[in-house]
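The structure appears below as structure tokens.
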Amino acid sequence: MFYVLCPCCGARVEVPSEAIGPGRRRLWNVIVCDTCDASFDYDDEDIQTEDEQPADALV
């Protein structure tokens, strides 16, 4: 999972994998926060990753 932090409320906003790197489909990195409805742009350096693990792997 790729995400950036919203500059307004600090919530995680998921970034689709096709919106990352030189092969991205959109020229501008603009995203909307689902928590506070703020629109903001981000740089590739702002993207953070989180490895998703199955729930039973945490037991």
Check: How far apart, in nm, are the 7 Å Cα→Cβ label points at Arg12 and Cys36?
Finding: 1.8
Item checked: Shape category assigned to region 1-50 from the gyration tensor of Cα positions, a/c cut at 1.5 -> prolate
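We did not get these values from a lab; they are worked out from the coordinates using the rules stated. Here the structure is a predicted model, which means the values were calculated and not measured. Here Cβ is always computed from backbone atoms with ideal geometry, including for glycine, and neighbour counts include all displayed protein chains.
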